[in-house]
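Each value in this text was obtained by applying a stated rule to the coordinates, not by laboratory testing. As the structure is a prediction and not an experimental result, all values here were calculated from the model. Every residue, glycine as well, gets a Cβ built from its backbone with ideal geometry; the counts of neighbours run over all protein chains shown.
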Amino acid sequence: MTVTLTICTTCKSAATRALNNDLRSAGMVLAEALESAALQRQTDAVTLIRHDCLWACSQACTLLIQGEARSGYLAGRFEPTEGAVTAILDWAAAYAATPDGVVPYAKWPEGMKGHFIARIPAAKEGQS
Ligand code: FES
C-alpha cells in the first residue's frame with residue numbers, strides 16, 4: 001500500500017535557525033531532507049507532500065502519516081537531522097507494509113519513540 005507522509009514546511013525551530021544561514025524554516029529543511037532520502041530509497045510505498053501549518057506548532061517540526069482505511073498518526077518534536085529522517089522514513093515504510101497501519105512497538109525505530117502526538121482514526125462512510 002502507498003501511504004502519505006505530509007510534512008509541515010512552516011514549522012520553526014530555534015536550534016535549526018541557529019545552524020542555517022539561509023533562513024529556511026526547520027520544516028522546510030526537514031521536508032527537503034526527507035524528499036532527498038526518499039528518492040535514494042527508490043520506493044513508491046511512501047508519497048511525500050509538503051503542507052503549511054498542521055496546527056501543532058508548539059510540537060515542531062511536525063508531520064502526518066496516513067493511509068487509506070487505517071489510522072493516521074500526527075508526530076512532532078523533530079529536528080531536521082539525518083537520524084530523524086531515517087527514523088521517519090523507516091517508520092513510514094513499516095506503516096505502509098502493515099495490513100492495518102498498526103506498527104508493532106518492537107518495530108518502531110528509536111528515533112520515533114516519544115514523537116507521536118495523536119492517532120487519528122480512519123474516516124468511516126455511513127457512520128452517524
Ligand atoms: S507551523 Fe508547523 S504545525 Fe504549525
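Quickly work out the GLN42-to-THR2 label distance, labels modelled 7 Å from Cα along the C-beta direction, and quote it in nm with one decimal.
1.9 nm
Note the angle between two axes, namely the Cα long axis of helix 82-97 and the longest principal axis of the Cα atoms of the chain, as a number of degrees from 0 to 90, rounded to the nearest 10.
10 degrees
Can you tell me which aspartates and glutamates have their Cα less than 16 Å from the Cα of LYS107? Leave out same-chain residues fewer than eight positions away.
List returned: ASP90.
Rounding to the nearest 10 and keeping the result within 0 to 90°, find how far the Cα-based axis of helix 26-41 lies from the longest principal axis of the chain.
Helix 26-41 and the main axis of the chain meet at about 60 degrees.
Mean residue ellipticity at 222 nm from the helices of the chain, using -39,500 (n - 2.57) per DSSP H segment of n ≥ 4 over the full residue count, to the nearest 500 deg cm²/dmol?
-9500 deg cm²/dmol
In whole angstrom, note down how far apart the Cα centers of region 34-49 and region 66-112 are.
Cα centroid of region 34-49 versus Cα centroid of region 66-112: 13 Å apart.
Tally Lys and Arg at +1 and Asp and Glu at -1 over the other residues with C-beta under 15 Å from the C-beta of ALA38: what net charge comes out?
Charge balance in the 15 Å sphere: -3.
Please list, or write none, the aspartates and glutamates whose alpha carbon is within less than 16 Å of the alpha carbon of LYS124, excluding same-chain residues fewer than 8 places away.
Partners within reach: GLU68, ASP100.
With bins 5 Å wide starting at 0, give me the P(r) of region 1-103 over every alpha carbon pair, in whole percents.
Here the calculated profile for region 1-103 is 2, 14, 25, 24, 19, 10, 4, 2, 0.
In 10 Å bins starting at 0, how do the alpha-carbon pair distances of region 27-83 split up by percent?
The distribution over region 27-83 is 21, 52, 26, 1, given as percents.
In the chain, what percentage of the DSSP-assigned beta bridges are antiparallel, given to the nearest 5?
Of those bridges, close to 65 percent are antiparallel.
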